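Just so it is clear, none of the values below were taken in a lab; they were calculated from the coordinates. Keep in mind that what you see is a predicted model, and the values were worked out from it rather than measured. FYI the Cβ positions are ideal-geometry reconstructions off the backbone, even for glycines, and counts take in every protein chain you see.
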Amino acid sequence: MIIRSQLGQAIRSFSSTAGRQAHLSHIGREPIRYPANVTLTPSPTSVSVKGPLGTTSVPLQPYMKIDFPEPNVMAVSVENAEIKAQRQMWGTTRTLIFNAITGMSEGFSVPLYLVGVGYRVALEDDPRGTSDGGNGKRLNMKVGFSHAVYVPIPAHIQAEVPSPTKIVLGCTDKHLLGLFAAKVRSYRKPEPYKGKVSCRMNSPVIISLLRITLGHLHWKRANQDKVRQEEVDGRLFLATRVFGEGVKGYFMVWGCIVVYTIV
């Protein structure tokens, strides 16, 4: 005969309920490994990062802790991970320090592509020179307007134009690089119907929608199937031109072509 208390204890020991775990940051708890040519100097308010490409600093909150458990390895932690604000800044601070290390050792680069009939870009000298804080160069873009679009390049940005439809931007600060790339792209936002894009970042596209106009075509008339197929194939060819050679197939959804591409 099993005593009731022992039976209850046995049932509780086999419970499938997960135990209570401490709050952690999956990103913040990962150690940062940095190369030997990078020097990190922590202080109560910031972390100084010095590398071959320059020097920068990352601000620290009062509750952030910096440790060096091994050579060329840095660990970031907080005083109390149960506090939500500290958990939020835990992973954010770790990412900012990692980006600073990458920027000072290797740098960041973003390629931009001009997609459209007659779209082209050229890198030329800025007549204003460096009076406005630029590096003396500017981008001369033809993106479908009746006039050219001139974009001065800041001093902290390096720009190259390897081809008339490609721009390569570089910087040691990932945040500033993203801001300038978004500024260049904002002069001609993507046009979803014809696929024209002034500047498209080199990011993987999983699913893209291209709308097609059926016009007077009727689905029940068999003699117009060839015409519809030619129109769909033409739009698929345009998708290949816009998104690269990775387009694998498509299917129709409410007058739209869902295009599959390789990531």
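Every condition in (1) surrounded by 16 or more Cβ atoms within 10 Å (Cβ to Cβ); (2) in a strand (DSSP E or B); (3) of a type in the set (D, E, K, R) holds for ARG94 except the one numbered (2).
For the range 35-56, filtering for residues that are part of a loop (DSSP other than H, G, I, E, B), touching a strand residue (DSSP E or B) at 6+ places or on another chain (Cβ under 7 Å) and either aromatic (Phe, Trp, Tyr) or over 11 Å from MET104 (Cα atoms) (or both) leaves 1. Of the residues making up the range 124-147, those that are closer than 13 Å to VAL184 by Cα and either part of a strand (DSSP E or B) or without any contact (Cβ under 8 Å) to a residue 12 or more places away in the chain (or both) are ARG138, LEU139, ASN140, MET141, LYS142.
Taking the range 112-140 as the range and being within 14 Å of PHE180 (Cβ to Cβ) and buried (at least 16 other Cβ atoms within 10 Å of the Cβ) as the test, the residues that pass are LEU112, GLY134, ASN135, LYS137, ARG138, LEU139.
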